[in-house]
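Colleague: Before I ask anything, here is the structure I am working with.
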Amino acid sequence: MGDAYTLLREGGVTFKAPLAGTPSMRMPVFYNPRMAWNRTLSVLTVRLLLEEWFERRVRHLRLGFPLAASGIRVLRILEENQELWEELLEKGVHVEILVNDLNEQAIRLARENLSTPRIMTLQAKGLKLVFTREDARFFLHAHGDYDYVTIDPYGTPNPFLDGAVQRLKHQGVLEVTLTDTAALTGSAPAAGLRKYYLRTPFQSRAKHLLGLHGLNAHLERITAMHERSMSILLSMHVEHAYKSIIRVQQNPGKAARMLEAHAYALICPACHTLSDWVKPGDSSSSACPVCTARRGVFGPFTPRLAEPAWLERFIRMKDKLPRQMGRELERLHAYSQISPACHVETHQASHTLGEHTISLHQLRECLREKGVRAVQAPFHPTTLAFPCTGDVWEKLRECLGV
Ligand SMILES: C[S@@+](CC[C@H](N)C(=O)[O-])C[C@H]1O[C@@H](n2cnc3c(N)ncnc32)[C@H](O)[C@@H]1O
Ligand SMILES: [Zn+2]
């Protein structure tokens, strides 16, 4: 292959791709080494799915990669889970992996990257690897139903979500990556409303936590529209990207209940405290219980970000993840057991109240002494989350000295 490519390593594999100072759409084939964490999550997700597919004694599997670029994600998913794939193929399971990209050079490179001796061994045992060069929107509809699909586009995943959700089998898993986070965090509020039906009147310090709640509500609306329900297995934020891993079920009854659970968060523009979750028509005071400023209405959101049981299985593999991500998963686990969770932004609250800065640790301990189980929110080191119950605000005010 031409000089445009460098021999690189990521995870447990060696492959070819172009290297650019700043990865962009102008690269001959897109590759962003800073997204290695995202591909590692895919490798581990498929590993858990392989265990599940064994247990369920599936006979046919189809995995779809509509935006495959250099094929690095497929390569890692196959090679880093090699023994499990071999075992499955030896049991006579029909496995089809569809690798697609609209860019002809990408497909040529993916084909080369995926012709390793280990993959040829899997092919000799029956693995079917199919390469196509189609518009992903067409691709998703054209080749049958999927057990697993991963979507990691430039910017918004919106063009591909309808197709993916419609073509997932019952209990199929969809990974969605999004890099237009500005639309979900309040820094581009019109785009948030337009693209994700999300109202973000200002930028909260805990904006990524809120962004993920908003993304998952968006995914729930799309699945419900197609008469399906979903569970959120895991949500992640790193740098300028969000990733949500969901499982889709063909269960319209549950879909309606899923949307019933959507709610709006009341957040203070001064101290950034999220102090209540409300439904349209609910009556609630407009005053922030910490600093009395008038609260803003954000949402709609889905209250949960992960399924604790799935996360526990994931956390058992944390030695395979960067240490920081392992910690975030543990925080996400603690956070997902509080539902719905309110939160206080310790730096912003101290600043607004004109107090010396109270640390997250101090506030957590003070609340714990008063019987409130508070945890550090995922993705935001100065945000403390706790259940929005009864006299929690009185206790919080005592801890803050107001
Ligand atoms: C962000 S990259 C994917 C990165 C890759 N999956 C990885 O892990 O390195 C997006 C890819 O989608 C492809 N693409 C963009 N729009 C497409 C479309 N409508 N149909 C198919 N491929 C498309 C681009 O050519 C590009 O390779
Ligand atoms: Zn306030």
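The values are calculated or read from the model by the stated rules, or taken from the named source; none is laboratory data. Worth saying up front: this structure is predicted, and the values here are computed from it rather than measured. Using ideal geometry, Cβ is built from the backbone for each residue, glycine included, and neighbour counts are taken over all protein chains shown.
Colleague: What about THR156, is it under 24 Å from the mean Cα position of the chain (by Cα), closer than 19 Å to TYR31 by Cα and assigned to a strand (DSSP E or B)? Steps first, please.
Modeller: Working: under 24 Å from the mean Cα position of the chain (by Cα): yes; closer than 19 Å to TYR31 by Cα: yes; assigned to a strand (DSSP E or B): no.
The answer is no for THR156.
Colleague: Let me ask something else. Among the candidates LEU84, LEU48, LEU19, single out the residue that is more than 27 Å from LEU161 (Cβ to Cβ), hydrophobic (A, V, I, L, M, F, W, C) and assigned to a helix (DSSP H, G or I).
Modeller: Matching residue, one of LEU84, LEU48, LEU19: LEU84.
Colleague: Next question. Let me confirm something: among VAL46, VAL29, which residue is buried (at least 20 other Cβ atoms within 10 Å of the Cβ) and either touching a Ser or Thr at 6+ places or on another chain (Cβ under 8 Å) or of a type in the set (S, T, N, Q) (or both)?
Modeller: Among VAL46, VAL29, only VAL29 is buried (at least 20 other Cβ atoms within 10 Å of the Cβ) and either touching a Ser or Thr at 6+ places or on another chain (Cβ under 8 Å) or of a type in the set (S, T, N, Q) (or both).
Colleague: Right, here's the next one. Report those strands (runs of 3 or more DSSP E) wholly inside region 266-355 carrying at least 3 residues which are under 28 Å from ALA256 (Cβ atoms).
Modeller: 274-278, 296-301
Colleague: Shifting gears a bit: Out of all the residues in region 338-356, is one or more farther than 18 Å from CYS288 by Cβ, modelled with pLDDT under 95 and under 22 Å from the mean Cα position of the chain (by Cα)?
Modeller: Within region 338-356, one or more residues are farther than 18 Å from CYS288 by Cβ, modelled with pLDDT under 95 and under 22 Å from the mean Cα position of the chain (by Cα).
Colleague: Also, I was wondering about something else. Just to be sure before I move on: is ALA68 within 30 Å of GLU239 (Cα to Cα), within 10 Å of ligand 1 (Cβ to nearest atom), assigned to a helix (DSSP H, G or I) and of a type outside the set (S, T, N, Q) in the structure I sent?
Modeller: no
Colleague: Yes or no: region 226-246 includes at least one residue that is over 19 Å from ALA334 (Cα atoms), surrounded by fewer than 21 Cβ atoms within 10 Å (Cβ to Cβ), of a type in the set (Asp, Glu) and touching a Pro at 6+ places or on another chain (Cβ under 7 Å).
Modeller: yes
Colleague: Let me ask you something else. Determine whether region 263-274 contains at least one residue that is within 16 Å of ligand 2 (Cβ to nearest atom) and either among the aromatic types (Phe, Trp, Tyr) or surrounded by fewer than 17 Cβ atoms within 10 Å (Cβ to Cβ) (or both).
Modeller: Looking for residues that are within 16 Å of ligand 2 (Cβ to nearest atom) and either among the aromatic types (Phe, Trp, Tyr) or surrounded by fewer than 17 Cβ atoms within 10 Å (Cβ to Cβ) (or both), one finds at least one in region 263-274, hence yes.
Colleague: Can you pull out the residues in region 51-65 that are of a type outside the set (D, E, K, R) and in a helix (DSSP H, G or I)?
Modeller: Correct list: TRP53, PHE54.
Colleague: If I filter region 185-197 for residues that are within 28 Å of CYS342 (Cβ to Cβ), aliphatic (A, V, I, L, M) and touching a helix residue (DSSP H, G or I) at 6+ places or on another chain (Cβ under 8 Å), do I get at least one hit?
Modeller: There is at least one residue in region 185-197 that is within 28 Å of CYS342 (Cβ to Cβ), aliphatic (A, V, I, L, M) and touching a helix residue (DSSP H, G or I) at 6+ places or on another chain (Cβ under 8 Å).
Colleague: Quick check, is THR383 modelled with pLDDT of 95 or more, of a type in the set (S, T, N, Q), touching a helix residue (DSSP H, G or I) at 6+ places or on another chain (Cβ under 6 Å) and within 28 Å of ALA188 (Cα to Cα)?
Modeller: Spelling it out, it is not the case that THR383 is modelled with pLDDT of 95 or more, of a type in the set (S, T, N, Q), touching a helix residue (DSSP H, G or I) at 6+ places or on another chain (Cβ under 6 Å) and within 28 Å of ALA188 (Cα to Cα).
Colleague: Can you tell me which of (1) touching a strand residue (DSSP E or B) at 6+ places or on another chain (Cβ under 7 Å); (2) outside any helix (DSSP H, G or I) is the one SER42 doesn't meet?
Modeller: (2)
Colleague: For the condition in contact with a strand residue (DSSP E or B) (Cβ under 6 Å, 6 or more places away or on another chain) and either surrounded by 22 or more Cβ atoms within 10 Å (Cβ to Cβ) or farther than 20 Å from LEU184 by Cβ (or both), what is the one hit in VAL402, VAL290, VAL372?
Modeller: Being in contact with a strand residue (DSSP E or B) (Cβ under 6 Å, 6 or more places away or on another chain) and either surrounded by 22 or more Cβ atoms within 10 Å (Cβ to Cβ) or farther than 20 Å from LEU184 by Cβ (or both) holds for just one of VAL402, VAL290, VAL372, which is VAL372.
Colleague: From LEU305, LEU311, LEU321, LEU332, which residue is surrounded by 17 or more Cβ atoms within 10 Å (Cβ to Cβ), more than 16 Å from ligand 2 (Cβ to nearest atom), of a type outside the set (Lys, Arg) and at pLDDT below 95?
Modeller: Numbers: LEU305 fails: at pLDDT below 95; LEU311 fails: at pLDDT below 95; LEU332 fails: at pLDDT below 95.
Result of the check over LEU305, LEU311, LEU321, LEU332: LEU321.
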